[in-house]
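Derivation of every value follows stated rules applied to the coordinates shown; laboratory data play no part. Small disclaimer: the values here were computed from a predicted structure and weren't measured. Ideal geometry is used to build each Cβ from the backbone, glycine not excepted, and the neighbour counts take in all protein chains shown.
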Amino acid sequence: MKFSSVILSSMLGIAISTTTLAAECESKNVNAELCQKANSGDAEALYQVAKSLLDGSNNVKQDVISAVDFLDKAISRGSAEAKAISAEAFNKAGNTYYFGENGVAQNTKLAIQWYKKAARAGHPNAAFNIGCMYAFGEKVAANKAEAKKWLQMAVDAGNKDAQSVLNSL
């Protein structure tokens, strides 16, 4: 049987993704039954794995970066619970990359990506963090227009410190 390259790569991508999920579950001490459900794409199981990875509950090794990957998968499968905690989780991923925490290498580009995702999901501190980075040229080139955009988003989301920084620009 001959497969087109698109179908084959799609099949390989699914296989790789499932294998990666299984390996991730096993390496973090996730319950085998829950892991199997997550591997089959069960949104609730994906959410439960993400939540355990996020807070280190259920004897699972805490891993914020893996948690947000599971959250993204759960959200894409319609998990309202995953979406509800996503802003905080995405902000934690941003912090993990920004500060280089928990064995994760410091990576400003990834920190900004996760902070932006968190800000768009409504996290006021993530928007504030990005706004300050651009306002003060902290690990990025200073950019007042970008700073104002993100700081206004932080103000709108309820960050009380953002207005004074915004006023100083």
Notebook entry, point to check: Say the cut-off is 18 Å between C-alpha atoms; which of Lys92/Lys116; Lys37/Lys73; Lys92/Lys144; Lys61/Lys116; Lys28/Lys51; Lys61/Lys83 go over it?
Noted result: Lys92/Lys144; Lys61/Lys116; Lys61/Lys83
Checklist line | At most 11 other Cβ within 10 Å, DSSP loop - trypsin sites (Lys or Arg not before Pro), the range 109-169 | finding: Lys160
Next item on the list: Counting other beta carbons within 10 Å of each Cβ, put Asp69, Asp55 in order, fewest first.
Entry: Asp55, Asp69
